[in-house]
Structures are given as C-alpha cells and as structure tokens.
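Novice: Let me give you the structure first, and then I'll get to my questions.
The values are calculated or read from the model by the stated rules, or taken from the named source; none is laboratory data. A quick note: this is a predicted structure, and the numbers were derived from the prediction, not measured. In case anyone asks, the SASA skips ligands and DNA or RNA and just uses the protein heavy atoms, side chains included. Shrake-Rupley method; radii C 1.70, N 1.55, O 1.52, S 1.80 Å.
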Amino acid sequence: MAPPPPASEPSIQQVQQFLTNSLSQRGPSALPYAEDVKWHIRQHLVALMGAFPSLRPRASSFTHNDGRSAHLLQAEGTMPISFRGAVYHLPVVIWLLESYPRRPPAVYLTPTRDMLVKPGHSLVDPSGLVREDPAPYLRSWVYPASNLVDLVRSLSHLFGIDPPLYTRPSHTPSPPAPSPSPSFSSPYGSGGGEPTRFPPPSSSQAHFSTRPTEDPSEVYRRNAITKILESVHGDMATLRHSQEAEMEGLFSTQAELRRRQQGLSRGLQEMIQEKEGLEQQLQLVLMNTDLLEGWVRENEELCRRCREGVDVDDVFEPVDGLSRQMTECTAADIAIEDTIYALDKAVQEGAIPFDSYLRTVRTLSREQFFHRATAAKGRATLVHAQVASMASRVQQYVSQ
C-alpha cells in the first residue's frame with residue numbers, strides 16, 4: 001500500500017499572516033506578550049521557519065508547573081541532527097513563554113511511542129525538557145541578540161554529539177547477540193516515506209551502543225568546536241553579567257539624578273515665588289515712599305517752623321470753622337473734667353471748704369454741659385454734611 005500523500009505545508013506568507021493576526025489580537029484572547037517585543041517574536045518565528053521549515057509556529061495552551069494555564073505561541077516539528085554520518089530528526093516543541101524574548105524559551109523533546117529519552121542525559125531531563133543551565137545558548141541568552149535560529153543550531157550540534165533519544169528496544173526470542181535496531185514510523189521523519197532509525201541502547205545500560213572507531217582528526221575537531229562554543233558562551237555570560245551590573249549602576253545614577261532634578265525644580269519654583277513676593281513688597285514700599293515724600297513736600301513750611309520752634313497749639317490746624325469750634329469745645333470739656341477731678345481730691349483732703357467746692361463744681365458743670373452740647377451739635381452737622389456729599393456723589397455716578 002502506498003503511503004498517504006504528505007499534507008501541504010503552509011507557506012511563509014501564511015505563517016506571517018497567522019503571526020500578525022495572533023499578535024495583534026486584543027482583549028481576553030490576546031497573547032500575554034509585551035507590546036514592545038511582539039515584532040521581535042514575529043521576526044524570530046518567521047526566521048526559524050525559513051531556516052528550519054519543519055518547525056511550524058502555532059498557538060496552544062501551556063500549563064505551568066504551578067497549574068496556571070496560558071495561551072502561548074510555540075514552534076512544533078523536528079530538529080535535524082547529524083550522528084555517525086546520518087541525519088536524524090528529533091521531535092521537539094519550543095514554547096515561547098510570557099517573558100520571551102527577554103528570557104529564553106522552554107524547549108521540550110516530544111518522543112514518539114517508539115522512542116525513549118536517554119537516562120542521565122546531560123542536557124535533557126526525563127520529562128524531555130532541555131535544561132537551561134547545562135545548555136550554553138540557553139544559559140547565556142541575551143536580549144535582543146539571541147534568537148531561535150541560533151538556539152536550534154546550537155542544540156542540533158550538541159545533540160549530534162550526544163543524542164538524547166533512542167529507539168525503544170524490541171524484546172524478541174532471538175539469540176543474545178544484539179539484533180538490528182528496529183525502526184519506527186514517525187510524522188517527524190525526514191520525508192520521502194523512509195522511517196527514521198535511532199541507535200538502540202545496549203542491554204546493560206541506557207546509553208547508545210559503542211561507537212565504532214572514528215577518525216581522530218574528526219573527534220579532535222568536534223571536541224575543539226565544543227570547547228570553543230562553551231568558551232564563547234561563557235564569555236557571553238560573563239559579558240552579560242558585567243553589562244547588567246553596569247546597567248544597574250547607570251539606572252541607579254539616573255534615578256538619583258532624576259531625584260535631584262525634582263529637588264532643584266522645587267527649589268527654583270520656591271525661589272521664583274519668593275522673588276514675586278519681594279517684588280510686591282518692593283512696590284508697596286515705593287508707593288509708601290512716594291506718599292511720604294509728597295507729604296513732606298506739602299508740609300515743608302510746617303517742618304521749617306517746627307525746626308525753628310512752634311507752639312504746640314499751632315501744630316494741628318482745623319480745616320474749617322466748624323472743626324475749629326468742635327476742637328475748642330472738646331478741649332474745654334476735657335479741661336473742665338480735669339478741674340473737677342482736682343477739686344474732688346482737694347475736698348477729700350480738706351484743702352477747700354465744702355460749700356465752695358459745691359458752688360465751683362456747679363458752675364463748671366453748667367459750662368461743661370454747654371461745651372458738650374455744642375460739640376455734639378457740631379458732630380451731627382458734620383455727619384449730615386458728609387452724608388449729603390456722599391449722596392451727591394452717588395447721584396452723579398448713577399447719572400453718568
């Protein structure tokens with residue numbers, strides 16, 4: 001029976017359209033990636049499919065170790081490796097976690113029913129997860145320089161040295177001698193209907209069968225490349241740590257400079273406000289100075305007379321006759337009040353006879369009454385005049 005025809009593979013344009021639609025979604029169905037890195041994610045997946053057409057991008061649900069589920073992008077397919085001069089295809093799924101591309105992706109080997117993960121492999125744990133610490137490229141992942149294409153190439157080279165999968169051995173009643181390794185048909189095969197064969201482990205231990213004698217120069221070249229890669233990845237990790245420390249220092253300096261800038265801005269604003277307040281006070285002082293200088297100019301004659309010697313009664317001059325009369329009446333009232341007080345003291349001490357005290361007080365009280373009445377009438381007249389003047393001004397203002 002002829003094998004079924006292979007399914008048509010999506011084109012680069014279809015993949016680009018799928019990624020554009022998936023990364024541009026909003027709302028509950030949006031992928032949990034930062035907006036500023038979605039273009040990088042699209043470019044990484046497109047470049048990965050261009051270099052390895054068997055790794056096709058898709059979106060699926062990923063369950064974290066703590067039970068959380070997330071709808072993430074992945075690249076699922078096969079990774080080619082070269083082992084003993086033959087090309088094998090490892091089934092693999094590359095999950096782009098929420099922190100991608102600032103953090104490396106999660107790489108899982110997905111062995112088929114006829115395949116097993118090599119126990120004790122240096123890079124892969126029994127669940128098929130490629131551990132981050134032993135893998136040089138994952139350990140030295142640096143954003144934005146690292147990408148999926150170089151990751152797959154690095155893992156392909158490392159797995160070619162020590163393959164992580166082998167074919168499940170079949171137990172048949174055959175002689176103890178190892179039989180030819182069974183084959184398995186997998187959708188991740190190399191194509192063309194030929195099954196992919198992995199070397200079986202030996203019967204005594206879970207590792208690949210003893211390799212035949214290889215060319216020493218080829219072994220030396222492979223070991224040298226491995227050491228160079230490890231050295232380069234180690235240098236990259238050291239450089240990344242030093243750059244991260246330098247960036248942390250720069251960020252701390254930037255935060256301190258920003259804090260000082262805010263302090264200087266506040267101080268400058270306070271100085272501007274204080275300057276405006278001082279300018280207002282200066283304007284007020286200048287206005288008062290002008291008023292005082294004007295008063296001095298208007299009263300130069302009075303000042304000159306004060307310097308030459310002037311009577312105290314001539315210092316203040318009433319503006320009109322009514323004011324003069326009110327001033328005189330008020331002065332007489334106060335003088336009579338002082339005289340009556342002095343007479344009270346004198347009669348208490350027996351300096352004057354009582355009948356003389358009564359006659360004098362009666363005369364002074366009558367005179368004080370007339371002075372007070374005159375002053376009260378003058379004040380009433382003055383108030384009436386002020387009210388009339390104000391009413392006239394209001395009427396003029398209204399008429400205007």
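Novice: Could you list which residues have their amide H under 5 Å from that of Val124, counting only those 5 or more apart in sequence or on another chain, with H placed in the peptide plane?
Specialist: Arg131
Novice: Right, another one. Over all distinct Cα pairs, what is the inverse of the mean 1/r for region 212-297, reported as the Kirkwood hydrodynamic radius in Å? Intermediate values should be presented prior to the final figure.
Specialist: Values: mean 1/r = 0.0492 Å⁻¹.
Hydrodynamic radius (Kirkwood, Cα only) of region 212-297 equals 20.3 Å.
Novice: Over the Cα atoms, compute the radius of gyration (one decimal) and Dmax (the largest Cα-Cα distance, rounded to a whole number) for region 248-300, in Å.
Specialist: When restricted to the Cα atoms of region 248-300, Rg and Dmax are 22.8, 76 Å.
Novice: Right, here's the next one. Students often forget the sequence filter, so: which lysines lie under 24 Å Cα-Cα from Lys227 once same-chain residues fewer than 8 apart are removed?
Specialist: Lys118
Novice: Let me ask something else. When the accessible area of region 228-381 is computed with all protein chains present and a 1.4 Å probe, what percentage of it is carbon and sulfur? Could you put the intermediate results ahead of the total?
Specialist: On the way: 7280 of 12560 Å².
So the carbon and sulfur contribution to the accessible surface is 58 percent.
Novice: Convert each backbone phi in region 283-291 into a coupling constant with the Karplus relation 6.51 cos²θ - 1.76 cosθ + 1.60 (shift: θ = phi - 60°), then list the ³J(HN,Hα) values in order as whole Hz, x for Gly and Pro.
Specialist: Once rounded to whole Hz, the list reads 4, 5, 5, 5, 5, 5, 5, 4, 5.
Novice: Now a separate question. Working from the pairwise distances between different alpha carbons, so that the mean of 1/r is found and then inverted, what is region 1-145's Kirkwood radius in Å?
Specialist: Working: mean 1/r = 0.0593 Å⁻¹.
About 16.9 Å for region 1-145.
Novice: What are the residues whose amide H is under 5 Å from the amide H of Phe83, where those residues sit 5 or more places off or on another chain and H is modelled from the backbone?
Specialist: Result for Phe83 returns Tyr88.
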